[in-house]
1. In the neighborhood of Leu274, defined by Cβ-to-Cβ distances under 14 Å, what is the net charge if each Lys or Arg adds +1 and each Asp or Glu adds -1?
2. Each residue of segment 30-37 in order: what ³J(HN,Hα) in whole Hz does its phi give by Karplus 6.51 cos²θ - 1.76 cosθ + 1.60, θ = phi - 60°, with x for Gly and Pro?
3. Roughly speaking, what is the centre-to-centre gap between segment 221-252 and segment 5-55 when only Cα atoms are used, to the nearest Å?
4. Could you sort 149-161, 200-212 so that the peptide with the highest average Cβ count within 10 Å comes first and the rest follow in order?
5. For the chain, what is the mean residue ellipticity at 222 nm derived from helices alone (per DSSP H run of n ≥ 4: -39500 (n - 2.57); sum divided by total residues; nearest 500 deg cm²/dmol)?
6. Using mean Cβ contacts within 10 Å as the protection proxy, how do 123-130, 102-109 order, highest first?
7. Of Val184, Thr250, Ile233, which is farthest towards the positive pole of the chain's charge dipole, taken about the Cα centre with +1 and -1 on the beta-carbons of Lys, Arg and Asp, Glu respectively?
8. Taking +1 at the Cβ of each Lys and Arg and -1 at the Cβ of each Asp and Glu, which of Gly42, His3, Ala14 sits farthest along the dipole of segment 2-65 towards its positive end, judged by Cα position relative to the Cα centre?
Amino acid sequence: MTHRIALVGIGKIARDQHIPAIAGNADFSLAATASRNAEVGGVTAYRTLERLLDCEPEISCVSLATPPQARYDDARRALEAGRHVMLEKPPGATLSEVHDLQRLAERMQVTLYATWHSRHAAAVADARDWLSQRKLLRLQIDWKEDVRYWHPGQEWIWEAGGLGVFDPGINALSVMTAILPAPVHLVKALLSFPANRDTPIAADLVFSPMDGAPVAAAFDWREQGPPKWNIQIETSDGTAVLSQGGARLTVDGVELSAGPDEEYAHLYAQFAELIAAGESSVDLAPMRHVADAFTLGRRATVSEFEW
């Protein structure tokens, strides 16, 4: 069965990832879009999801690629209309919003899928399996990039609810929570806020040790040149580096696993599987760490940021 799907929010991530992934999946057909000021050629376009749902009763699925601050109302609207819903990361602006959507999806007996695309990077599963056979001695995340290159002109990321550097950093946390053999929790954080912005440009996180092994992360949007999306995993039997956002795994300098970017293809494949099984998937572990950082974090004011 091919599901007629609507895509809401036609921005950079939608064009770069969602639209190609939908086109490459036989389980879905892009039937309509909703965006205030953008369209996809050859696809019926609406300015609001409310109008789309009124006019397109045969659409069974809605994928939301809008900023998190605006996502809750549309997600709730789609669920109340009996449509299956897929959420771009992070799944909402607050944990409470997403818990409410979970309850609504269960009541409406439809699928709610909170996605974490970096968990589907080519080498993440291999890193998890490799670590599961060894004793962890230290895990260090370095997730650093140039915000001007990766989020050009996107003011929403600097507004309350936009997460700032945690927008990419939550990708690292989604990988960390996927590969560690047991949960950890945040114990300390330093968040660096530009003097003229509401969200941080950098963050340093310290988690509870895992069997005595230190676990920490450093996020920074001021990195010049190529991004550094790395997780170093020191163990009793070698040191692994999960790099390129999870696409490449090396152990003691030798490549063990690598592959192309097929993260969003995997997301839509899993969405189809969840719908077929009548199930939902809403893992909020990465988002809890972010919420804890804003609760526990010590605030430092740094230089103003301008595009």
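Any read-out appearing in this document is the output of simple, stated calculations on the displayed coordinates, not a laboratory observation. The structure presented is a predicted model; accordingly, all values stated were derived computationally and were not measured. Here the Cβ is made from the backbone with ideal geometry for all residues, glycine too, and neighbour counts use every protein chain on show.
1. It works out to a net charge of -4.
2. 6, 9, 6, 10, 10, 7, 5, 8
3. Using only Cα atoms to place each centre, the spacing works out to 34 Å.
4. 200-212, 149-161
5. -8500 deg cm²/dmol
6. 123-130, 102-109
7. Val184
8. Ala14
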